[in-house]
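All remarks here apply to the structure that follows.
The values are calculated or read from the model by the stated rules, or taken from the named source; none is laboratory data. Since the model is a prediction, treat every value here as computed from it, not as a measurement. Counting neighbours? That spans all protein chains shown, and the Cβs are built from the backbone with ideal geometry, glycine included.
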Amino acid sequence: MAAIGLVGGLGPAATVFYYRELLRMLKAAKLAPAIFIAHANVSYVLEAIAGDRLEEVAGYLGGLLASLEVAGAGITAITAVGPHIAAQYLSPSKARRIDLIETMLAAIEELGVRRIALLGPKKVVETALFGRLDRFEVVMPHASVIERLHELYFGIVRDEAAPASVVNELEEIALGLHDCGAEAVVLAGTELSLAFDPARERGFPVLDAGRLHIDAIVRALRVAEE
């Protein structure tokens, strides 16, 4: 059976979420692959991204992906949205890497909506997912809301939890974007999986990047086993 390799630590709470959800889904699917996690230095990665040193980021992440492949992983994934800004610079590998942004784009297409809004870190929102949403119309939050989203997001990263006050504020922002015309809201930050209950009825769809990514990893494993 193909093993799964995760680049984690970007931040730690999302990595734990990935691991727990993978275990839950794999158990339901009666699959028991080995799972390897390579810990990334989130401070270094964020600093390099802020400095637009994207090839450097890709080289660092590529080294971690290579270590997972050496360990035996046939399916790999980077468990954060932000580092995918450097995805174009990653070298090809024998292992199948499940691209988080490609997974998100496929889910939006499948949903059949054209106007979407993003919740996530400032760089992700301001660049409309690094310019990869050209197929869609993006409802952009006000600059002050983008700043607040950034603060809330990295508060979750720092505290490794989303208190009720943060959850409520994020839900209000999502509702406001829907009221401004967004047909769906995309959680473009894997730490937001800790804040949004997928079972909550909102009257509009919320696409959770982390949960979508985990589902894609499990589906890839199923295909590998066929």
* Asked: Looking at the stretch 184-193, is at least one residue in contact with a strand residue (DSSP E or B) (Cβ under 7 Å, 6 or more places away or on another chain), free of Cβ contacts under 8 Å to residues at least 40 places away in the same chain and either more than 22 Å from Glu126 (Cα to Cα) or in the same structural domain as Ile108 (by TED's automatic domain parsing) (or both)?
  -> no
* Has the stretch 97-104 got at least one residue that is farther than 19 Å from Ile4 by Cα, at pLDDT 95 or above and not hydroxyl-bearing (Ser, Thr, Tyr)? -> yes
* In the stretch 1-10, what count of residues is obtained for those that are out of contact with any Gly (no Cβ under 9 Å at 6 or more places or on another chain) and crowded, with 23+ Cβ neighbours inside 10 Å? -> 3
* Does any residue of the stretch 91-105 turn out to be within 17 Å of Leu187 (Cα to Cα), among the β-branched types (Val, Ile, Thr) and in contact with a Gly (Cβ under 8 Å, 6 or more places away or on another chain)? -> no
* Within the stretch 71-85, identify whether any single residue is over 19 Å from Gly8 (Cα atoms) and within 13 Å of the chain's Cα centre (by Cα), and answer yes or no. => no
* Qualifying position, being loosely packed, with under 15 Cβ neighbours inside 10 Å and in the same structural domain as Leu177 (by TED's automatic domain parsing), among Leu111, Leu23, Leu129, Leu118 -> Leu111
* To do: State all residues of the stretch 28-48 that are touching a residue at least 40 places away in the same chain (Cβ under 8 Å) and either surrounded by fewer than 16 Cβ atoms within 10 Å (Cβ to Cβ) or more than 29 Å from Leu221 (Cβ to Cβ) (or both); if no residue qualifies, say none.
  => Ala29
* Structure fact -> Considering the stretch 167-207, residues that are modelled with pLDDT of 95 or more, among the hydrophobic types (A, V, I, L, M, F, W, C) and part of a loop (DSSP other than H, G, I, E, B), and then whichever is farthest from the chain's Cα centre (by Cα), we arrive at Cys180
